[in-house]
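Scroll down for the structure; my scribbles are underneath it.
The values are calculated or read from the model by the stated rules, or taken from the named source; none is laboratory data. The structure presented is a predicted model; accordingly, all values stated were derived computationally and were not measured. In this analysis, Cβ positions are derived from the backbone assuming ideal geometry, glycine residues included, and neighbour counts consider all displayed protein chains. Remember, those area values only see protein heavy atoms, side chains included, never the ligands or the DNA or RNA. Shrake-Rupley method; radii C 1.70, N 1.55, O 1.52, S 1.80 Å.
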Amino acid sequence: MKRLTMLVLSLLVLAGCVNYEEELWLNRDGSGRAKLRLLHRSPYENPEEILRKAALPGISLQKYDIQRQGADAVYTIEFKFKSIEAFNNVNDQLGAADFWGKITLNKEPGRRITFKRRIALGSPDSDDEFENIYSRMQTESRVWSYKLHVPWKIVTSNAAPENIDHKTRTISWSFDTNEMWNKHEYMTVELKKSFPWMLVLIGGVVLALTVFLVHWLFRFARKSHLIERLTHHPEH
């Protein structure tokens, strides 16, 4: 994503107001879908980079739209990904300014799963000239928003309590880019898989049917053996 990241960061420096919104849905197998909305002030649009990224392994572009709001270009992009690795591979980090970041999804004991995503808008004591120029030229506060839908029970998260919805299993974060410059930010969630009651029920039914079948076969074999004895040795 080097060209796209360069485009976005260049627009940040040259064009002023930028907003980034992302909504991400995760499936139990690590696949999922995402919806992005990027607004920047520019007279130009760049659909070629979107189509190029759609050709990456494991990425399936669903739709995209580019509209104008006065001097602003608004990109809306929706795509599916086959795995967390495919999602991460969309990123081609440019220096330490990494708004896309990287997701890890790890299985833990006790049916627990940890989600972590690291993003950055520069690193402490950075000597990257581009990053330093961007840092100096920021003139207004910008908020980048991320919303995550998960398929498991939410145990804990570093998101604000009012941004955690246990019923719908969604978590939201927002970051003021002025405050997060030259440091890393993390989005973390601890999740727990529900007990597989359905599998236990199915297993119990299969076991009961197996026991019944064995018992029936045993009785059928005994009955057949008894009939055979009576046939060959009838009583007088």
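Listed by first and then second residue, the pairs with beta-carbon distance under 9 Å, at least 6 apart or on different chains, first residue in segment 16-27 and more than 19 Å from Ile84 (Cα to Cα) and of a type in the set (Val, Ile, Thr), second modelled with pLDDT of 80 or more and open to solvent by 10 Å² or more (accessible area, probe 1.4 Å), are Val18/Leu38; Val18/Leu39.
In contact (Cβ under 8 Å) with a residue 40 or more places away in the chain and of a type in the set (Ser, Thr, Tyr): is that true of Thr104 in this structure? No. Residue-level analysis places Lys53 outside the set of residues that are within 16 Å of Trp100 (Cα to Cα), at pLDDT 95 or above and either open to solvent by 20 Å² or more (accessible area, probe 1.4 Å) or in contact with a Lys or Arg (Cβ under 9 Å, 6 or more places away or on another chain) (or both). Within segment 149-162, being farther than 13 Å from Lys116 by Cα, surrounded by 14 or more Cβ atoms within 10 Å (Cβ to Cβ) and of a type outside the set (D, E, K, R) holds for His149, Pro151, Trp152, Ile154.
Among residues of segment 138-148 being open to solvent by less than 70 Å² (accessible area, probe 1.4 Å) and modelled with pLDDT under 95, the one that is farthest from Leu24 (Cα to Cα) is Gln138.
How many residues are outside any strand (DSSP E or B) and at negative phi when one looks only at segment 29-81? Residues that pass the stated criteria total 19.
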